[in-house]
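Each remark here refers to the structure printed beneath this line.
The values are calculated or read from the model by the stated rules, or taken from the named source; none is laboratory data. Note that this is a predicted model, so its numbers are computed, not measured. Here Cβ is always computed from backbone atoms with ideal geometry, including for glycine, and neighbour counts include all displayed protein chains. Only protein heavy atoms, including side chains, enter the accessible area calculation; ligands, DNA and RNA are left aside. Shrake-Rupley method; radii C 1.70, N 1.55, O 1.52, S 1.80 Å.
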Amino acid sequence: TLKMLSNLKAQAPDKILMLIEEFKADTRQGKIDLGVGVYKDPQGVTPVMRAVKAAEQRIWESQTTKAYTSLAGEAEYRSSMAQMVLGNVPADRLASVATVGGTGAIRQALELARLANPDVTVFVSNPTWPNHLSIMKFMGLPFVEYAYFDAETRGVDFEAMKADISKAKKDDIVLLHGCCHNPTGANLTLEQ
């Protein structure tokens with residue numbers, strides 16, 4: 001197996017993860033970590049919130065099995081998440097699946113899209129998180145970058161974005177960060 005693994009080529013390091021490591025190595029006092037959007041207390045620890053501990057306690061006390069759930073994930077969880085995120089969408093217009101993290105969700109969605117339409121093109125924001133491009137390149141999916149960030153205003157260039165996305169063909173996919181755009185932090189407004 002070592003011979004097989006020796007054929008792998010090192011990938012370029014992720015810039016965000018590199019920034020996190022640089023932050024950890026920086027010995028200056030008073031620094032603030034803005035690399036990953038998680039809360040940290042003054043000691044730099046991401047605490048487990050009381051509400052999360054209480055929910056975990058309730059699960060621990062009431063859980064009767066550790067058996068696998070369905071491949072799509074726990075139905076009640078998926079239904080509750082869809083209600084919270086999408087509101088009252090008729091059941092016949094909704095499909096959901098639980099995934100491992102956002103990158104796992106994107107990979108699964110792109111696999112499904114390719115199965116449904118082998119000629120699919122993915123429209124992806126410029127910039128986007130490098131993982132997104134790596135997945136599409138690995139899968140051999142064609143992609144087109146659409147304008148997103150306006151460096152002058154530090155916001156979304158919505159008109160340029162719409163112009164680029166308007167070039168999508170029927171059944172193409174637009175990969176859109178609904179919030180917390182990575183890596184710019186520039187988000188669309190609710191109206192947009």
Subtracting the Cα-Cα distance of residue 65 and residue 53 from 0.36 nm times their residue separation yields 2.4 nm
For the chain, the Kirkwood Rh over every pair of distinct alpha carbons, in Å, works out to 20.5 Å
From the Cα centre of region 1-44 to that of region 50-76, the distance in Å is 31 Å
Note to self: with every protein chain in place and a 1.4 Å probe, region 1-144 gives an accessible area per residue in Å² of 82 Å²
Output for region 35-133: trypsin sites (Lys or Arg not before Pro) sitting in coil per DSSP, at most 14 other Cβ within 10 Å, listed by number, reads 40, 66
Put 27, 189, 128 in order of accessible area, largest first, probe 1.4 Å, and you get 27, 189, 128
Heavy-atom accessible area of the chain with neighbours in place, 1.4 angstrom probe: carbon+sulfur share in percent works out to 59 percent
Plugging the Cβ-Cβ distance of residue 162 and residue 95 into 1/(1 + (r/R0)^6) at R0 = 25 Å yields, to the nearest 0.05, a FRET efficiency of 0.40
For the chain, whose charge dipole is built from +1 on Lys and Arg Cβ atoms and -1 on Asp and Glu Cβ atoms, the candidate among 132, 99, 151 with its Cα farthest towards the positive end is 99
For residue 125 the rounded accessible area (nearest 10 Å², probe 1.4 Å, non-protein molecules ignored) is 0 Å²
For region 168-178, in residue order, the Karplus 3J(HN,Hα) values (coefficients 6.51, -1.76, 1.60; θ = phi - 60°; whole Hz; Gly and Pro = x) are 5, 8, 3, 6, 6, 10, 10, 7, 10, 7, x
Correct response: the longest run of the chain lacking exposed GluC sites (Glu not before Pro), defined by DSSP loop and at most 13 other Cβ within 10 Å, is 75-151
Dividing the mean separation of Cα pairs under 8 Å (6+ apart) by the residue count of region 19-129 yields a relative contact order in percent of 13 percent
Between residue 154 and residue 84, Cβ-based FRET efficiency (R0 22 Å, step 0.05) works out to 0.15
CD proxy, 222 nm, the chain: helix-only mean residue ellipticity via -39,500 (n - 2.57) per DSSP H run with n ≥ 4, per residue, nearest 500, stands at -11500 deg cm²/dmol
Relative contact order of region 83-165 (C-alpha contacts under 8 Å, at least 6 apart) in percent is 21 percent
